[in-house]
């Protein structure tokens, strides 16, 4: 049993501590740094009495620790302010846009993981040959690509010059009306499957292709590199060599012995790259007009919608900490050598 | 390590891919240093020009990278942009390095309550995904080169703090540190004279390799409209300016992005080279083949 109860308890405690820290930092950003925090809350077109009301609401005339208390209380009550752009409570906006981002990032991650491990293994077994060099160079380029640039390039090529793939939105609005598609969970793949609405499913998938390709590049590059270097090291191990001499088929050897050594570190590195992917989603969703959290925060940034910017960022940071916790637990579960 | 540069060059020359990376990085640094002096159309580069007759010229011998919406030569703007990318990257990495090294050194050597508090503080900053904290700070601080640097450094230092902490921990039980304690040197002297110089190398190496990522993040910040303000031709800024016109003038976004990509690839290749050079295990595998 590699995962002990104390380890879990410790990690969850740490998660709470970190979430608390995230809130403190965001409190500093919203209430301490700006000269007049109430202006961030009400927007540029607010009248004097609105600003005065906001001052009262935010308790800005009280000492800083009282302000912090009210800030945390508001946060846990779900009172994250009202977005200036959508005129809706920020927390509501975030919850409605979360499924879109999850659909995109999870798909990108699964694809990056599968393709990355396969390419990495291919490179490792043909170590030093041309194919290994090609894959290595590919992985370096792919991990260095500016996500926003790749998104624009793909969009230009595949939906403007050669309009094969739609360049934006989650689903064609006219198709939704025609087929009577109703979002239930807001995970459109799931929703269209439940309603057996295949035209919508096809359209949703088609519109996911470009954003997913853009988004998966960084984790893909990382996975290839990680798999390749771990597999090369593992192929050098004496027991693997022995098996080779003994005449075990290569495919079986790869699957039974090498892959096991590779998976744990690859998952750990994928967890790390989740952070980059979620910030990538910010830009990718903005470019492909894909209404998830990234799009929400991105639009908020472009229109200086502070409640939405900070609410979105705090939310993403907490999700990120959760993902890291899950990844660490999976890592510990797969690799018994991990110590706590 | 004594013959680092000489040995390292011998190591590089045998590997064409790494040599390419090295050349790209050197070229980028030189370009960043001399950019303002080699501009053929400085007024275009600095963004003073406003000539709609020359707007949206496709790439041609006269305008190799085309012109933007205001008729400015993109090549000149991209060249000047390298300077901003270089300055921002150096400042972000340098500033983060200073903060990170101090925090990591103090936390690692003093341990106890101070150490725990400092490292938990570091964890709190690390809880934010890489770019997001910078975005949050930049959105409140306002746009500008200096605010972009500060915002990025705030989100960047915890990585070095953690690395330094690990490095200090591996050094602090060494015999010479024990000896220094026994002869009664003060904690400050031990930290600065004995621990700091011996734990700095991994952190500084990592920092130098991070320049590529710093360039990338700075450009992402500008792309999102919270980094460098117009008319400064920072690469992310240029891509963001061309975004609106992408259907009719691809070159405004394409070339700055391509140059950005090549630069980052260069840094990453060089990073791999240094890692392979410093890791004897990896090198021995290579040598066996």
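Throughout, read-outs are computed from the coordinates displayed, never taken from laboratory work. No experiment lies behind these values; they were computed from the predicted model shown. Every residue, glycine as well, gets a Cβ built from its backbone with ideal geometry; the counts of neighbours run over all protein chains shown.
Note down the nm distance, to one decimal, between modelled labels 7 Å out along Cα→Cβ at residue A:57 and at residue B:62.
5.6
Which angle from 0 to 90°, rounded to the nearest 10, does the C-alpha axis of helix A:259-287 make with the longest principal axis of chain A?
40
For the range A:162-213 and the range B:13-49, what is the separation of their C-alpha centers, rounded to whole Å?
44
I need to check one value: relative contact order of the range A:222-340, counting alpha carbon pairs closer than 8 Å and at least 6 residues apart, in percent.
Dividing the mean separation by the residue count of the range A:222-340 yields 22 percent.
Which order do the peptides A:261-270, B:112-121, A:25-34 take when ranked by the mean count of other beta-carbon atoms within 10 Å per residue, highest first?
Ranking the peptides A:261-270, B:112-121, A:25-34 by packing returns A:261-270, A:25-34, B:112-121.
Pairs of alpha-carbon atoms within less than 8 angstrom and 6+ residues apart define the contacts here; what relative contact order does chain A have, in percent?
Computed over chain A, the figure is 26 percent.
Give me A:74, A:191 sorted ascending by neighbouring Cβ count inside 10 Å, so fewest comes first.
By the 10 Å Cβ count, ascending: A:74, A:191.
For A:80, A:41, what ranking results if the residue with the fewest other Cβ atoms within 10 Å of its Cβ goes first?
Going from least to most buried by this count: A:80, A:41.
On C-alpha positions alone, give me the angle between the axis of helix B:251-278 and the longest principal axis of chain B, in degrees, nearest 10.
Orientation of helix B:251-278: about 20 degrees from the principal axis.
Assuming R0 = 35 Å, what is the FRET efficiency of residue B:245 and residue A:87, from their Cβ-Cβ distance, to the nearest 0.05?
After rounding, the FRET efficiency stands at 0.70.
How many partner chain Cβ atoms sit within 10 Å of a residue's Cβ in peptide A:147-156, on average, as a whole number?
The per-residue average across the peptide is 6.
Taking the Cα atoms only, what angle lies between the long axis of helix B:4-13 and the longest principal axis of chain B, rounded to 10 degrees?
50
Please arrange B:8, A:109 by how many other C-beta atoms lie within 10 Å of their C-beta, fewest to most.
B:8, A:109
What is the average number of partner chain Cβ atoms found within 10 Å of a Cβ in A:224-234?
Partner-chain Cβ atoms within 10 Å, mean over residues of A:224-234: 1.
List the relative contact order of chain B as a percent without decimals, with contacts defined as Cα pairs under 8 Å and 6+ residues apart.
RCO, chain B: 24 percent.
Which peptide among A:181-190, B:142-151, A:283-292 comes first, and what is the full order, when sorted by highest mean count of other Cβ atoms within 10 Å?
My ranking of the peptides, most packed first, is A:283-292, B:142-151, A:181-190.
Where the centroid of each part is defined by its Cα atoms, how far is the range A:224-267 from the range A:25-55 in Å?
The two parts, judged by their Cα centres, are 57 Å apart.
Other chains near B:133-145: what is the mean number of their Cβ atoms within 10 Å of each residue's Cβ?
5
Roughly speaking, what is the centre-to-centre gap between the range B:165-187 and the range A:285-322 when only Cα atoms are used, to the nearest Å?
With the range B:165-187 and the range A:285-322 each reduced to a Cα centre, they are spaced 46 Å.
For the modelled label position 7 Å from the Cα of residue B:188 along Cα-to-Cβ, which residues of the range B:91-113 have backbone nitrogen atoms closer than 19 Å?
B:99, B:101-111
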